[in-house]
Every structure is written in C-alpha cells, then in structure tokens.
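The values are calculated or read from the model by the stated rules, or taken from the named source; none is laboratory data. This one's a predicted model, so the numbers in the text were calculated from it and none came from an experiment. Every residue, glycine as well, gets a Cβ built from its backbone with ideal geometry; the counts of neighbours run over all protein chains shown.
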Amino acid sequence: MHGSRPWFALSALTIGYFLIMFDQGLMPVITPHLPGEVSGAVWLTSIYLLCTVVPMPVTGRLGDKYGQRTVYLAGLGTYAASLVLAAMSWSWPVIVIARALQGLGSAIFLPQAFGLINRIFPSDGRGKAFGFWGVVGSVGSLLGPIVGGVFVGSFGWRSTFILQAGIAGVGLVLAAFWLPRLAPTSALIPVGAAAMSFVGLGALVYGIHFGSWIPLVGGAIVVLFLARSSSFVPRELYRDRNFVLGTSAIVAMGFAVAAMFIPVMYWLQTVAGVSAQTAGLLTAPMSVVAMLLTPWAGALSDKISARLLCTAGFATMVAALIIAWSITVSAADYRWFALVTALLGLGSAFVWAPNATTTMRNVPDYAAGAASGVYNTLRQIGSVVGVALTGAVLASGQVASTAGPAILLSAIMLAIGAAASVFLRTDIPAQSR
C-alpha cells in the first residue's frame with residue numbers, strides 16, 4: 001500500500017483498540033451499578049480474561065489462513081454484538097455471557113490489527129504507526145473512567161454499553177471500506193494443536209488467576225509443549241533475537257501495567273484517606289503524558305536505536321515506582337503520586353511503540369498473524385500473573401505495610417524488561433516485502 005491508504009486502514013484499526021482500552025477504564029466505574037452480588041463481580045474480569053487470552057494464539061493464525069481483513073471484521077462484529085447483548089441483558093448470567101463474547105471478540109480482532117500493521121506499513125514507517133496506535137490507546141484509557149462516570153450517573157449502566165456498541169459499529173463500517181484485502185499467507189494450525197492450546201492456556205490462566213497449582217502446572221506443561229511445535233509457533237520466530245527479547249520485555253510490561261496501580265489505589269484510599277475520585281485523578285498524568293509523547297517516541301524508533309528508547313523507558317518506570325514505594329513507606333504527601341504517574345507515562349511512551357516496532361520488524365509476512373498472537377498472548381499472561389501475585393502480596397497483611405512490597409514487585413519486573421531491552425539488536429535490516 002502506498003500514499004495515505006495505510007493511514008486510513010490504521011485509523012479504522014485503532015477504533016477497536018480504543019474500545020479495548022476504553023472498556024478497561026470503564027468497567028471498574030460501572031461494575032458497582034450492575035445487578036448481581038459483589039462477590040460475583042470477579043467473574044466479569046475472570047471470564048473476559050479467559051476468553052481473551054486462551055484463543056489468541058489460534059485466532060492469530062486464523063488471519064494467516066483466511067485473510068486478516070475478514071477475520072478482523074468477524075472479531076469486531078462479535079465484540080459489537082456482545083455490547084448489544086450486555087445493554088439488553090436481563091440478568092447477571094447474561095452479562096457474564098456478554099463479557100465472555102466480548103473477550104472472544106477482542107481475541108479475534110486484536111492479533112489481526114498487529115498483523116495488518118506489519119504488512120501494510122514499510123519497516124521504516126511502523127514506528128509512527130505504532131506510535132499513533134499508542135496515542136489512541138492512551139485516549140481510551142483516559143476517557144473510559146471519565147465518560148463512564150458521566151454516563152452511568154446520568155443515563156444508567158446500560159447506556160455505557162450502547163455507547164460502545166455505537167463506536168464499534170462505526171469501526172466496522174470504516175474497516176469494511178478501508179482495510180485492504182491481502183492474500184492469506186499460510187495454513188491453519190492442526191486441530192489437535194489448537195485444542196491443546198485451548199486446554200493448556202485455559203488451565204494456565206485459571207491456575208494463575210484462582211491460585212490453583214494443579215491446572216497451573218498442567219497448563220504450563222502443555223503450553224511449553226506447544227511452544228516447541230513448529231505448527232503452532234513458526235521456528236523462525238525463535239531464531240529472531242528481537243522477537244524473543246521483545247516478547248520477554250512485553251511480558252514484564254504487561255505484568256507491571258496491570259498490577260502497579262492496585263497497591264497504589266488501595267494505599268491512597270485506605271491509608272492516605274483520599275476519595276476514589278481523587279485517587280482516579282492522580283492517574284490522569286500518565287495517560288496525558290503518554291498521549292503527548294507516544295507519537296514522537298514511535299517516530300524516533302524508526303530513526304534511532306529502539307534498544308536505547310526501550311531501556312530508557314523501562315528505567316524511567318522503575319524510578320517512578322521506587323518513588324511510589326518511598327511515598328508509601330514514609331507516609332509522604334499523597335500528591336507526589338501525580339509526579340509518579342507522569343513519570344510512568346513518560347517511560348511507557350518510550351516502551352510501547354519502540355518495543356512493538358522492533359519485535360515485529362523482521363517477522364516475515366506469512367508468520368505475522370502467529371507472531372502477533374504470541375506477542376499479545378504473552379502480554380496478557382504477564383498481566384494475569386501480575387494481578388495474581390500483587391494481590392497475594394497486598395493481602396498478606398495490612399495495606400500500610402504491604403503496599404510498598406507490592407509496588408516493588410512491579411519495579412523488579414520492569415527492571416527485567418530493561419535488561420531484556422539492553423540486548424535488542426536494531427541494526428538488522430528488515431526482510432524485503
């Protein structure tokens with residue numbers, strides 16, 4: 001694709017990503033207003049997580065087999081239908097089913113978006129593309145809790161799903177017009193491997209999320225077996241140093257981003273005594289700074305060392321969390337967390353787009369869907385592990401004493417991400433398309 005056409009396609013693709021990030025910020029706001037017991041609310045997160053993570057390696061390969069445009073439209077259509085079902089739901093089980101379909105829809109369309117970006121943009125233009133992608137995600141994260149609070153307070157919780165369904169409808173129309181029809185690039189993975197993927201990842205995620213060792217160990221064994229299967233993960237990806245290191249770093253990033261605000265929010269509201277609204281506002285600098293800097297960081301990754309950008313980004317986030325740890329252990333003024341979240345936004349801006357660009361730079365076209373599925377699956381698994389371990393540390397005592405160690409857990413993971421980024425190679429020419 002040439003000229004402005006890739007950017008039209010990217011604009012359509014980012015609507016789906018906007019919805020995912022918007023929903024992540026929205027759900028904590030509207031969950032208390034949904035019907036059902038508070039104890040059952042965990043299923044809204046659990047079922048969405050399971051239905052997103054488990055199918056993703058297989059859905060990534062669906063795009064390679066049937067064409068990424070076709071599969072993207074099917075995934076976003078499923079996502080839109082789930083939102084309509086949620087808006088019309090008449091009982092708690094129906095809402096849970098709708099969340100399951102929503103997770104499945106995101107698992108279908110998200111890998112196709114990464115694969116399409118990798119195929120329609122030249123290697124020296126993907127940094128800008130992923131930078132724009134990151135900006136849209138930051139806007140979604142920022143608007144989710146704000147718009148959600150306004151809509152649920154003014155029109156009720158159903159209105160939030162109607163709003164999202166409308167946005168998804170616009171995304172479907174634009175995708176149908178603007179996404180290119182690219183030829184399929186490979187065969188689908190064998191049915192047996194696909195079935196083992198569902199069982200293995202399902203057991204792994206269930207074991208991590210609910211603290212059960214038997215499915216955790218069993219799932220890990222199956223996943224490791226599948227990882228060694230060339231029919232499931234092309235062997236070329238293992239030989240790509242940047243792909244291996246980049247996905248390792250993104251696991252650390254997924255861990256920290258999902259987990260780091262859990263102890264912070266608990267400390268602010270139970271120890272510092274601030275309101276939920278004030279605590280939420282203290283996270284706004286992260287989204288604002290990331291939104292402003294991500295396009296620039298993405299463009300820079302096309303011109304200078306992504307190794308430098310990613311390492312600096314991870315290091316900045318580590319420094320921010322060390323400051324957060326010091327605030328909790330010294331009971332300092334809670335307003336310092338505005339600086340912490342601003343630094344987190346600065347650091348994350350120099351991780352997301354440069355990492356994605358470098359990780360996917362040398363992936364051949366025929367493996368783009370598989371690579372995208374692996375990349376996003378590992379990021380989500382990092383998130384699951386992060387939430388589970390951080391929750392366990394936080395619950396091991398009084399928040400005043402456990403918030404600091406829980407924050408340091410994310411800092412350690414980000415340091416591992418920095419270490420992986422140090423060894424990225426940025427002098428490898430991209431394969432010809």
Checklist entry - Inside region 254-275, can you point out the residues that are of a type in the set (Phe, Trp, Tyr) and under 19 Å from residue 24 (Cβ atoms)? => result 255, 261, 266
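Is it the case that some residue within region 119-141 is in the same structural domain as residue 90 (by the TED database), more than 22 Å from residue 280 (Cβ to Cβ), among the charged types (D, E, K, R) and buried (at least 24 other Cβ atoms within 10 Å of the Cβ)?
Yes, region 119-141 contains at least one residue that is in the same structural domain as residue 90 (by the TED database), more than 22 Å from residue 280 (Cβ to Cβ), among the charged types (D, E, K, R) and buried (at least 24 other Cβ atoms within 10 Å of the Cβ).
From the list 372, 396, which residue is farther than 29 Å from residue 124 by Cβ and not aliphatic (A, V, I, L, M)? Steps first, answer last, please.
Working: 372 fails: farther than 29 Å from residue 124 by Cβ.
None of the others qualify; the one that does is 396.
Take the conditions farther than 22 Å from residue 125 by Cβ, hydrophobic (A, V, I, L, M, F, W, C) and under 22 Å from the mean Cα position of the chain (by Cα) and apply them to residue 350. Does it pass?
Spelling it out, it is not the case that residue 350 is farther than 22 Å from residue 125 by Cβ, hydrophobic (A, V, I, L, M, F, W, C) and under 22 Å from the mean Cα position of the chain (by Cα).
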Checklist entry - Residues of region 324-334 being of a type in the set (A, V, I, L, M) and either crowded, with 18+ Cβ neighbours inside 10 Å or in contact with a Phe, Trp or Tyr (Cβ under 7 Å, 6 or more places away or on another chain) (or both), which ones? => result 324, 327
Item to check | Meets criteria (outside any helix (DSSP H, G or I) and surrounded by 19 or more Cβ atoms within 10 Å (Cβ to Cβ)) for residue 409 | outcome: no
Checklist entry - Somewhere in region 281-291, is a residue out of contact with any strand residue (DSSP E or B) (no Cβ under 8 Å at 6 or more places or on another chain) and not in a helix (DSSP H, G or I)? => result yes
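Let's see how each residue does on (1) at pLDDT 90 or above; (2) surrounded by fewer than 20 Cβ atoms within 10 Å (Cβ to Cβ); (3) out of contact with any Asp or Glu (no Cβ under 7 Å at 6 or more places or on another chain):
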| site | (1), (2), (3) |
| --- | --- |
| 376 | no, no, yes |
| 395 | no, yes, yes |
| 413 | yes, no, yes |
| 417 | yes, no, yes |
| 424 | yes, no, yes |
Checklist entry - If you check every pair at least six apart or on different chains, which have Cβ atoms under 6 Å apart with a residue in region 15-30 that is under 12 Å from residue 83 (Cβ atoms) first and a residue that is among the polar types (S, T, N, Q) and not in a helix (DSSP H, G or I) second? => result none
Checklist outcome for this item: The residue that is surrounded by the fewest Cβ atoms within 10 Å (Cβ to Cβ), considering only those in region 144-160 that are under 17 Å from residue 19 (Cβ atoms), within 24 Å of the chain's Cα centre (by Cα) and of a type in the set (Gly, Ala, Ser), is 148
Checklist entry - Has region 113-134 got at least one residue that is under 30 Å from residue 34 (Cβ atoms), out of contact with any helix residue (DSSP H, G or I) (no Cβ under 8 Å at 6 or more places or on another chain) and in a helix (DSSP H, G or I)? => result no
